[in-house]
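Right, one structure below, let's go through it.
The values are calculated or read from the model by the stated rules, or taken from the named source; none is laboratory data. The structure displayed is predicted, hence computed values, not measured ones. So basically every Cβ, Gly included, is an ideal-geometry build from the backbone, and we count neighbours across all protein chains shown. Just the protein is used for accessible areas: all its heavy atoms, side chains included, with ligands, DNA and RNA removed. Shrake-Rupley method; radii C 1.70, N 1.55, O 1.52, S 1.80 Å.
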Amino acid sequence: MLIITQPAVTGAQIDHIVGRVEEFGLKAEVLRGSHRVVIGVIGPEDLIREKPLAAIPGVESVFAVMKPYKLVAPNGAAPPPVRIGGVPIGTGQKVVLISGPCSVESKEQLLSIAISVKNAGARVLRGGAFKPRTSPYSFQGLGEDGLRFLAETRAETGLPIITEIMDTRDLAVIEKYADCLQIGARNMQNFSLLKEVGRSRLPVLLKRGLSATINELLMSAEYILSEGNPNVLLCERGIRTYETMTRSTLDLNAVPILKAKTRLPVVVDPTHGIGLRDYIPQMALAAVAAGADALMIEVHDDPERARSDGDQALVPEVFQDLVRRIRAVAAAVGRDV
Ligand code: PEP
Ligand code: MN
């Protein structure tokens with residue numbers, strides 16, 4: 001940590017700052033420049049971070065030298081892929097397609113969509129049984145029946161399943177059925193939920209919050225890893241900006257940054273990211289070009305009757321055509337599906 005002192009800092013204030021730092025059990029190194037005095041604070045970064053250094057008189061600002069996230073950061077070794085069921089994500093070579101409806105609505109609906117996305121090239125099935133809806137009067141999901149339909153569909157198609165968890169009280173039941181837990185955008189900073197899934201044996205797909213910075217996403221991932229679960233996938237799903245033409249603004253900037261700053265696989269969800277069916281394919285292709293390890297794309301065989309997110313669901317034929325183009329872009333950047 002570096003303390004930058006105010007231009008008019010007095011000798012007495014510098015002595016006071018050094019005294020405070022030492023009282024905290026840390027070491028202070030005073031560097032006197034021709035215009036400014038900078039004080040280096042040496043000691044365990046976690047301990048330093050929680051001290052109110054900026055509140056000491058004469059201090060202008062305080063800069064962290066180390067990043068606050070440790071477990072998510074690269075550690076020199078090649079990062080291992082995260083497995084959903086038997087499907088590894090983050091191998092560097094494969095672009096994994098995760099697809100399925102927004103909500104599980106019935107066994108027939110789920111199975112029919114699962115078969116078509118599998119035939120098109122998807123390797124993981126998604127579907128919400130507990131839905132985070134803006135309105136309490138909207139369809140909230142089928143709950144455990146939905147989980148059962150997911151597990152039955154996995155048995156029939158071989159596709160591992162990912163589904164959202166919204167409440168710590170549902171973990172035990174979801175763990176009975178699912179291969180991967182999804183933390184939705186609205187719960188990215190639900191710290192008790194993060195800690196709870198951090199103790200699960202299942203991998204966790206963590207979606208970026210609607211207004212979360214990349215740093216906040218990484219700190220949320222750090223919560224999960226710090227509880228002992230190393231199997232976290234980071235998902236860029238669009239953030240809220242001043243733009244109203246689209247549902248969200250898909251932040252593809254995040255992809256190379258997350259790839260560089262972490263050892264975790266990066267998933268892009270262009271469906272919620274742009275929220276407009278006609279433009280999802282373009283953003284999916286761009287995400288592959290940007291380096292995404294996996295894509296999550298919603299598909300529905302009857303979008304006009306979908307119980308959630310019908311406006312942004314691709315029909316199976318469009319998804320199939322998109323996968324053909326995804327294969328071409330993947331090949332152009334030395335990868336495959
Ligand atoms: C979803 O995946 O259906 C969903 C609700 O996503 P998000 O949390 O990104 O809005
Ligand atoms: Mn959805």
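Whenever a residue of the stretch 293-316 is surrounded by fewer than 24 Cβ atoms within 10 Å (Cβ to Cβ), its partners that are polar (S, T, N, Q), lying with C-beta atoms within less than 6 angstrom and at least six residues away or across chains, give the pairs Asp301/Ser112; Arg307/Ser103; Ser308/Ser103; Pro316/Ser116. Close contacts from the stretch 45-69, counting a first residue that is over 21 Å from Arg263 (Cβ atoms) and open to solvent by 60 Å² or more (accessible area, probe 1.4 Å) and a second that is hydroxyl-bearing (Ser, Thr, Tyr) and in a strand (DSSP E or B), with Cβ to Cβ under 8 Å and a gap of 6+ residues or different chains, come to Ala54/Ser61; Glu60/Thr5. Is it the case that Gly228 is without any contact (Cβ under 8 Å) to a residue 60 or more places away in the chain, surrounded by 19 or more Cβ atoms within 10 Å (Cβ to Cβ) and either in contact with a Ser or Thr (Cβ under 6 Å, 6 or more places away or on another chain) or not in a helix (DSSP H, G or I) (or both)? No: the conditions fail for Gly228.
Given the criteria of a type in the set (Gly, Ala, Ser), closer than 28 Å to Ala332 by Cα and either crowded, with 24+ Cβ neighbours inside 10 Å or within 16 Å of ligand 2 (Cβ to nearest atom) (or both), does Ala129 qualify? Outline the logic, then answer.
Working: of a type in the set (Gly, Ala, Ser): yes; closer than 28 Å to Ala332 by Cα: no; either crowded, with 24+ Cβ neighbours inside 10 Å or within 16 Å of ligand 2 (Cβ to nearest atom) (or both): yes.
Against the criterion (of a type in the set (Gly, Ala, Ser), closer than 28 Å to Ala332 by Cα and either crowded, with 24+ Cβ neighbours inside 10 Å or within 16 Å of ligand 2 (Cβ to nearest atom) (or both)), Ala129 does not qualify.
A single entry from Leu171, Leu159, Leu181 fulfils the requirement of being within 15 Å of ligand 1 (Cβ to nearest atom) and assigned by TED's automatic domain parsing to the domain that holds Pro230: Leu181. When Gly86 is tested against the conditions (1) open to solvent by 30 Å² or more (accessible area, probe 1.4 Å); (2) outside the structural domain of Leu258 (by TED's automatic domain parsing); (3) not polar (S, T, N, Q), the lone failure is (2).
Could you check how many residues of the stretch 284-322 are more than 16 Å from ligand 2 (Cβ to nearest atom) and over 23 Å from the mean Cα position of the chain (by Cα)? Summing the residues that are more than 16 Å from ligand 2 (Cβ to nearest atom) and over 23 Å from the mean Cα position of the chain (by Cα) in the stretch 284-322 gives 6. Restricting the stretch 322-337 to residues that are in a helix (DSSP H, G or I) and out of contact with any strand residue (DSSP E or B) (no Cβ under 9 Å at 6 or more places or on another chain) leaves a set whose member that is surrounded by the most Cβ atoms within 10 Å (Cβ to Cβ) is Val329.
How about the stretch 300-318: which of its residues are of a type in the set (Val, Ile, Thr) and touching a His at 6+ places or on another chain (Cβ under 9 Å)?
Val315
The residues of the stretch 201-221 that are surrounded by fewer than 21 Cβ atoms within 10 Å (Cβ to Cβ), closer than 24 Å to Ala73 by Cβ and either within 13 Å of ligand 1 (Cβ to nearest atom) or within 17 Å of the chain's Cα centre (by Cα) (or both), listed by number, are Leu202, Ser211, Ala212, Thr213, Ile214, Asn215, Glu216, Met219.
Assess whether Lys195 counts as being charged (D, E, K, R), in contact with an Asp or Glu (Cβ under 8 Å, 6 or more places away or on another chain) and away from ligand 2 (no atom under 15 Å from the Cβ). When the stated conditions are applied, Lys195 passes them.
Take the conditions (1) hydrophobic (A, V, I, L, M, F, W, C); (2) over 30 Å from Val299 (Cα atoms); (3) open to solvent by less than 30 Å² (accessible area, probe 1.4 Å); Ala78 misses just one of them, which is (3). Of all residues in the stretch 176-192, those that are free of Cβ contacts under 8 Å to residues at least 12 places away in the same chain and open to solvent by 10 Å² or more (accessible area, probe 1.4 Å) have Cβ atoms under 9 Å from Cβ atoms of residues that are within 16 Å of ligand 2 (Cβ to nearest atom) and of a type outside the set (D, E, K, R), 6 or more apart or on another chain, in Asn190/Met166; Asn190/Ile183.
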